[in-house]
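These notes are about the structure you will find just below.
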Amino acid sequence: MTETQSGEPTLQTCRRVAREAAALAAAADDHALTAACRSTSHTEARREEVMHAVHREAVEAERLAAQAEQWAADPSMPDSAPRYCASGAVDHAVRAQEAAGVEATAAALRTELERKLTPEEHAERESERRRAEAEQEAEERAATGMDADNRHLARMNAYLAESAVPRLGWTAGHVRVLEAAETGRLYQRDGQIRQAAEHGVWSGGRRVHQERTHALRAAGFLTAAAAPDGAQVLTPTLMGQVALELAQLHPAGLYDSDTAAYEARYARSARLHMRSDEKKAAARRLPALEYGAVRRYRRPVTLAEQEARAEREAAEQWEGEGGYCPGVPAPAPAIEDTVRCPCCGLRKATEAGVLAPHKPTRTAAEDCPGSGLRPAAEAPRPAAALRAVPPAAAVRAEQPLLRRLFTPRAAREQRPARDLHTVIRRPQRVLTEEERERVRDTAALNFQAALIMGIIDPVPNASPMPEEAGAWVREHVWPERFHEIERKYPHGFARWSMCERGTCWNCLSGRCDICVHRQKGGPDVDSNQDWVTDHRGRNVARLILRPGGEPCVWWCRCACPKDGPAPARPAAKAKRAPAAPTTAPVPSPVPAATPVRTPEESALQAALW
């Protein structure tokens, strides 16, 4: 038996409390027996019933007291066993006294079993509990290689596999075919299916079962991609990858032979209204993975994979929330080119030592050196201090609360030099005459929506599918609900990704000083994921366009800068001077038909047309 923890009664206390409770119950039993002996003809039945009830409680209290003494002497029993017996004996003694009609003095024994812990004992018990949890977590991590969240995912996947794998009707041969496809070396050529010995060498290799491969491909577990020399490379689809991992988690759900799997599929797919040949054809087809299994399955990540991912992300260069851009170096401005405005407290990049102009935050413009004067540059701080103190903390420490809240937007939202983004420069699209006519014919509401989404002048990315093939897919494969919204926009709607969008509406209007991404301080970011739907519009699988999880970004394609000093605002048009008032009202003649005046062309129209 282990040692008793702080705050819990000792073994001696448990034995004593149980024995005292049994004695009080026995005394209540004697009292009820005496009352029954002195009963009259009117109270005999009632007192006899009370006597039997009290006797039963006294017998139970005696039994638990004896059991408490026995378990306290047994070293193999846990510490909670004697306490459980003592608590039960006290409960029986209280009920015996209440039934006998005497004072329930046994209730006072509960306080000895429920002693209140001191703060030190509470802290010690909590520390011990956390220490035990940490030790258990370390043992489970060493055994499984995963943290608690991923272990929970593994358990949920195991439960999912127990119900999903038997419904597939697979044998171990189907799993071997998918494992060969997972290597990326399974190919079909000249009517034969083989597993190549090396990647990229689509000749020779081990032969693979054709019937199982064709069945998996027909069910949607495999997909084919064209390869050189007329070969087709077979790779698992998303559903096939999930089904393979579920089958590996629960191999007991696989059937021993193709005959047993066929009979199971026959029993599951056969219906009374089917003919015999229809039942056999249905049994030969492999069923798809059950609805929702692809969405519910989440692959757990081991600790080693998490560390490798963290090292890889730390080594890569990320452009803020826009993602890693190959070939774009991260900006690293020099520390000595940074000064602080004594009024605003903001650190800003300078040009030739002159602080970038911004609106003053005080009443008098001359009180704020941010109006264009040359402030005294601060001494460069050491690199260790820059790493230790974030720039936001320095701003908060030096600015009063109200000044930070009511600083003008130009000074409040301008990003520090060390947080500047490197804009991904992409070419703009020049609309042809035909495209301009198409834009002119767009409804006003859809025209405004296209401006907001940046698809007035989208630029398509390079694609392995030619435009003719894409047009054929849109015409013959897309459902009608896609065409309905596609026809409302000049260049379509669903075909454009975030990185294919064009110029923002402000830059199209000539207001590059308020470019959308200059105002936001960064690009628009998309998760770069979509859903595959069936003929009813239901989501059946998630389409991950970039398996690495890189986001898709939209930087305005205008050549204007997105950071640093804003471009000059275009000069406002001169307003027409109002006509001088006449001294006396002159009766107006009957208005004649006036010719319709063509409205002036705006900057947005000039940019588009």
Problem set entry | Estimated vicinal HN-Hα couplings, Hz - the range 508-520 in sequence order (Karplus 6.51, -1.76, 1.60; Gly, Pro = x) | 5, 8, x, 9, 5, 5, 10, 3, 4, 7, 5, 5, 6
For this session: State whether the range 150-278 is rounded, prolate or oblate according to the following rule on the C-alpha gyration tensor (a ≥ b ≥ c being the square roots of its eigenvalues): a/c under 1.5 gives rounded; otherwise a/b larger than b/c gives prolate, and the remaining case gives oblate.
Result: oblate
Problem set entry | Amide H partners (placed H, <5 Å) of Thr223, local residues excluded | Thr235, Thr237
Exercise. In a shell of Cβ-Cβ distance under 13 Å around Gly204, excluding Gly204 itself, what net charge do Lys and Arg (+1) and Asp and Glu (-1) give?
Worked result: +2
Exercise. Could you give me the ³J(HN,Hα) list for the range 287-302, computed from phi with Karplus coefficients 6.51, -1.76, 1.60 and θ = phi - 60°, whole Hz, x at Gly and Pro?
Worked result: x, 6, 5, 4, 4, x, 5, 5, 6, 7, 6, 9, 6, x, 10, 6
For this session: Rank by packing, highest mean first: peptides 490-503, 43-56, with packing defined as the count of other Cβ atoms within 10 Å averaged across residues.
Result: 490-503, 43-56
Problem set entry | Global geometry of the range 1-87, whether rounded, prolate or oblate, following the gyration tensor of its Cα atoms and the 1.5 cut on a/c | prolate
Problem set entry | Separation of the Ser80 and Glu103 label points, Cα + 7 Å toward Cβ, nm | 3.5
Problem set entry | Accessible carbon and sulfur surface of the range 145-225 relative to its total accessible area, %, 1.4 Å | 47
For this session: Would you list, by chain and number, the aspartates and glutamates whose Cα falls below 12 Å from the Cα of Lys279, excluding same-chain residues fewer than 8 positions away?
Result: Glu263
Exercise. By average Cβ neighbour count within 10 Å, what is the ranking of 242-248, 131-137, 265-271 from highest down?
Worked result: 242-248, 265-271, 131-137
For this session: Using only alpha carbon pairs under 8 Å that are at least six residues apart, calculate the relative contact order of the range 159-207 and give it in whole percent.
Result: 21
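The values are calculated or read from the model by the stated rules, or taken from the named source; none is laboratory data. Please read all numbers here as calculations on a predicted model, not as lab measurements. Backbone-built Cβ (ideal geometry, glycine too); neighbour counts: all protein chains shown. Remember, those area values only see protein heavy atoms, side chains included, never the ligands or the DNA or RNA. Shrake-Rupley method; radii C 1.70, N 1.55, O 1.52, S 1.80 Å.
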